[in-house]
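Report on the structure given below.
The values are calculated or read from the model by the stated rules, or taken from the named source; none is laboratory data. Quantities reported herein were computed from a predicted structural model and do not represent experimental measurements. For neighbour counting, all protein chains shown are included, and Cβ atoms are generated from backbone atoms with ideal geometry for every residue, glycine included. To get the accessible areas, we keep the full protein, side chains included, count just its heavy atoms, and leave off ligands, DNA and RNA. Shrake-Rupley method; radii C 1.70, N 1.55, O 1.52, S 1.80 Å.
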Amino acid sequence: MKKKFGIMLLFLLTFSFLGPVAQAFNPGQFISSISNIQFDVNPYDVGTGKPLTISYDYNNFDTTTQSFTVSIYKAGDASMTDLFKNYYVGGATRKGDTTPSSAGTNSYFWYAMSGPQAFLDPGTYVFQVSGVSGTTTVGPVTKPFTVTNTGNVQPSGIYSVSLSSNPYNPNQGPEIFSYTIDDLTTVGTSALVNLSLKIGKKVNNQWASLNYDTKGQSSTWTKDSINWDGKDQTTNQFVPDGTYDYDLTGNNGSFGYTTSGTFVVKSTAVPPSPSPTPNPPPPTPSPNPPPATHCAGFIDIAASDANCNVYSWVKSAGIFTGNPDGSFVPQGFLQRDQIAKVVLEAFGKYKAGTEYCQAGNPFSDVTVTEWAREYICLGKQTVVNGQALLTGYQSGPNAGLFLPGNSVNRSEFLAMVLRNLKESMPSADTASYSDVALNQWDSSYAAYAAQYLSSIYPQPTLNRSQLVTRLEAARVLFALHNQGSL
């Protein structure tokens, strides 16, 4: 009996010792997961003209094979018809946009649109996301949200896009992209719309190569067009024959919409017949002086304009030289790639012909197709008062990116310009405007604007999120020049 009791005691002691060791390994901690779907607002009122921001967290994903698929469908729709991909506007962090990581947060901007001129009906919708990590499929994970339209607002946009020819023969003149536009936030009023036409080739709905980008055409017309001469902007040579993608985007700062399509470029094999008796080219005529009714030669600025001295100075300084058609477009919104040129020219940093990108692309989203790439490289390399003259986004889903096509709001613009002045900024606890709290990232710049740029930014509010126009930027730089700060 004693022997049996000793054996049982030894067995129990052994089991008690091994138990905690066996429980120490938890395989669940290495499983890939998607969680924490968030909406910046819920319900989402489409009448605000602002996109819905959607985000989710992911963890323990393989960095070489990870991918994510997202969709939105109407609650109760058995077919789960996707309403996301056609009305996604921009701002997402996805595979291919940045260096993949094993854990992080992806976010997207989405307008609840059923077409270029109508919002989706109010109701309950479902956001769904799934992922792939190695050979493992994660999800789908879903979360419902509500769409409302309290003001019964309907957007317009860009519609009725047509091409002058398809296939397009570059030897027979330009390809004309005609379209109809309307105000992008309200119905019944005409608004200045910033337009961009991109032509190139896409892979998985992402630009793999870009041959042409207008970056900021502007129009107040309800019908308009953009011409393309068939040439690559970088090489100034006709693009090879083939099928090309295009995006035509309109944006007035609060709302935007992109119409996409494809067309074929097919050149003729027969060159134009030469003239039988070619004549020597006529002598190049002397350039005509600008008409007396134009300010600084800008065809859309009258000589009597109250800001003519501003336009004249920014042109003479090489800061704003105008668009190819000779216009200035004072109410056009300034983009981040444009401000790279504006700031560097204003501070006399840029030297034409110098290669500033020898170390490669300055940001993962600034490649050789970006017209302002050299400016952005120089801005990132130039350090003033211990800080780079130009920086990418420091936090949030776009951390580490430059996003050259993004418009610039007042806080961002003032930071990009004022951080490069010779004098020190006021302390961040200096009171300035009623809508700028103390000790925020832009508090010092707002305080400087309140003290030295009050004629441009009067009290009581700064309106920090207001997008900056070309005229506003020109006025700020002219004021800084006049007070000797540049």
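Can you confirm whether the stretch 183-190 contains a residue that is more than 16 Å from residue 73 (Cα to Cα), open to solvent by 10 Å² or more (accessible area, probe 1.4 Å) and at pLDDT 70 or above?
no
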- Query: Can you name the residue in the stretch 366-399 that is among the aromatic types (Phe, Trp, Tyr) and out of contact with any Phe, Trp or Tyr (no Cβ under 7 Å at 6 or more places or on another chain) and is also farthest from residue 485 (Cα to Cα) among such residues?
  - Reply: 371
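Every residue in the stretch 361-405 that is of a type in the set (Phe, Trp, Tyr) and buried (at least 19 other Cβ atoms within 10 Å of the Cβ), please.
Answer for the stretch 361-405, where residues must be of a type in the set (Phe, Trp, Tyr) and buried (at least 19 other Cβ atoms within 10 Å of the Cβ): 363, 375, 402.
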- What are the residue pairs meeting all of these: first residue in the stretch 195-207, first residue over 14 Å from residue 248 (Cβ atoms) and touching a residue at least 12 places away in the same chain (Cβ under 8 Å), second residue open to solvent by less than 10 Å² (accessible area, probe 1.4 Å) and in a loop (DSSP other than H, G, I, E, B), Cβ atoms under 6 Å, and 6 or more apart or on different chains? none
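Scan the stretch 442-460 for residues that are among the hydrophobic types (A, V, I, L, M, F, W, C), part of a loop (DSSP other than H, G, I, E, B) and either touching a Cys at 6+ places or on another chain (Cβ under 6 Å) or open to solvent by 10 Å² or more (accessible area, probe 1.4 Å) (or both) and jot them down.
First pass over the stretch 442-460, keeping only residues among the hydrophobic types (A, V, I, L, M, F, W, C): 446-447, 449-450, 453, 456.
Now restrict to residues that are part of a loop (DSSP other than H, G, I, E, B): 453, 456.
Result: 456, single match.
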- Task: Look at residue 411 and say whether it is in a loop (DSSP other than H, G, I, E, B), at pLDDT 85 or above and of a type outside the set (Val, Ile, Thr).
- Result: no
- Message: If I filter the stretch 91-113 down to residues being open to solvent by less than 20 Å² (accessible area, probe 1.4 Å) and either assigned to a strand (DSSP E or B) or not aliphatic (A, V, I, L, M) (or both), which single residue comes out as modelled with the lowest pLDDT?
- Response: 93
- Message: Name the residue that is surrounded by the fewest Cβ atoms within 10 Å (Cβ to Cβ), counting only residues in the stretch 320-360 that are part of a helix (DSSP H, G or I) and charged (D, E, K, R).
- Response: 345
